[in-house]
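Read the structure below first, then the notes.
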Amino acid sequence: MPTNLTPEYYKTEERFREATTNEEKIALLEDMLSLIPKHKGTDHLRADLRRKLSKLKDSVGAKGKVGRFTSAFNIDREGAGQVTLVGPANTGKSSLVAALTNAEPEVAEYPFTTRKPTPGMMPIDNIQVQLIDTPPIDREFVEPELIDLIRRADLVLLMVDLQAFPIEQFEESIAFLEANRIVPAHRREQFPQDIRWASPPFLILVNKVDDESHDEDYEVFREFIPADWPTLPISILAARGIEAMKKDVFEALEIIRVYSKAPGRDPDYNSPFVMKRGGTVDEFAAKIHQDFSRNLKAARVWGSGEFEGQMVSRDYELHDGDVVELRI
Ligand SMILES: Nc1nc2c(ncn2[C@@H]2O[C@H](COP(=O)(O)OP(=O)(O)OP(=O)(O)O)[C@@H](O)[C@H]2O)c(=O)[nH]1
Ligand SMILES: [Mg+2]
């Protein structure tokens, strides 16, 4: 249905996009609403603008307080995946984020240092994933917002401390998460179907495996943990297991990197397109541009271990590292 918007509306919309203060945005949104003709074709647009307006008004009203829309627990997804570090106090969560990302969360010898989550970007090879440091979960009061943040994760890294009580830490943490309806993807089937579980993949990081003398303790830990749990020994201090961790994170996110290539040119290996595993040529084309997908005539693929510029159909499933040349 046509919306029949006036040039004046579009002008106001442009000023809204350029506005920098919330007060200015509120005034312009109100103008925009008054400039929209009221009919069925504009129902969605008007509802959308009213929603934006009320959000902005809330956030202005909540100034000084910690408002719903300024909460540190509301973290926008960035990069190839949102990976949330979870665990008891003092296990080394903040240390990992400080060591592997641009963020600088506080690290301290005493427990319960972290009070608010901090996101940072962690490079893995030629992509970036978002790694989020969080407050510990072995407390009397855990913010419901922290639970929501964990529920939204693409991957949960549960960190325990080999030099404390790793088995208890592991058991108590998963019991706590389960009580909050968060279970690992690989165990999802074991839980009732009628409850809305969040079931991201889990990876257990056993930190502070600083040298060979700790390797044996890790083996003991491993024997006590059911075999289906993926675990990885690391030491942030001694930089052990960090590359293996990055590799496991990449695998657990179930993503692939695909490179676009123009005819007669080399691909840019520095800027991959990140897709979900199982993604097709058609989905790749849509990622570049909706028109590409619509007008796609042919595609050639290099990679997949066997192809050297082979023609493929639009439903061809791509693999990590593939180079694709689209013809429209
Ligand atoms: N031995 C050893 N100590 C570590 C390692 N990683 C971190 N630590 C130490 O463990 C202590 C706690 O580290 P943090 O990163 O603050 O731990 P946290 O899990 O963020 O703690 P909370 O914010 O209280 O939940 C600090 O003294 C770190 O230096 C490690 O690999 N080996
Ligand atoms: Mg911390």
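Listing for the model above:
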{"item": "Selected residue (criterion: nearest to residue 109 (Cα to Cα)) from residues of segment 200-249 that are open to solvent by 60 Å² or more (accessible area, probe 1.4 Å) and among the hydrophobic types (A, V, I, L, M, F, W, C)", "result": "237"}
{"item": "Members of segment 171-199 that are assigned to a loop (DSSP other than H, G, I, E, B), closer than 25 Å to residue 135 by Cα and either touching a Lys or Arg at 6+ places or on another chain (Cβ under 8 Å) or open to solvent by 20 Å² or more (accessible area, probe 1.4 Å) (or both)", "result": "180, 181, 196, 197, 199"}
{"item": "All positions within segment 138-170 that are part of a loop (DSSP other than H, G, I, E, B) and either free of Cβ contacts under 8 Å to residues at least 40 places away in the same chain or open to solvent by less than 20 Å² (accessible area, probe 1.4 Å) (or both)", "result": "140, 141, 142, 153, 162, 165"}
{"item": "Unmet requirement for residue 257, which otherwise passes all of (1) touching a residue at least 24 places away in the same chain (Cβ under 8 Å); (2) out of contact with any helix residue (DSSP H, G or I) (no Cβ under 8 Å at 6 or more places or on another chain); (3) more than 30 Å from residue 299 (Cα to Cα)", "result": "(3)"}
{"item": "Every pair of residues 6+ apart whose Cβ atoms lie under 7 Å, when the first sits in segment 191-219 and is among the hydroxyl-bearing types (Ser, Thr, Tyr) while the second is part of a loop (DSSP other than H, G, I, E, B)", "result": "199/183; 199/184; 218/162; 218/209"}
{"item": "Test: residue 294 is over 26 Å from the mean Cα position of the chain (by Cα) and not β-branched (Val, Ile, Thr)", "result": "yes"}
{"item": "Positions within segment 70-107 being within 20 Å of residue 142 (Cα to Cα), at pLDDT below 95 and either more than 16 Å from ligand 1 (Cβ to nearest atom) or open to solvent by 20 Å² or more (accessible area, probe 1.4 Å) (or both), in sequence order", "result": "70, 71, 72, 74, 75"}
{"item": "When residues of segment 55-69 are limited to those that are part of a helix (DSSP H, G or I) and open to solvent by 60 Å² or more (accessible area, probe 1.4 Å), the one modelled with the highest pLDDT", "result": "55"}
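The values are calculated or read from the model by the stated rules, or taken from the named source; none is laboratory data. This structure is a prediction, so every number in the text was calculated from the model and none was measured. Don't worry about glycine lacking a Cβ; one is built from the backbone with ideal geometry, like all the others, and counts go over all protein chains shown. Side chains included, ligands, DNA and RNA excluded: accessible areas come from the protein's heavy atoms. Shrake-Rupley method; radii C 1.70, N 1.55, O 1.52, S 1.80 Å.
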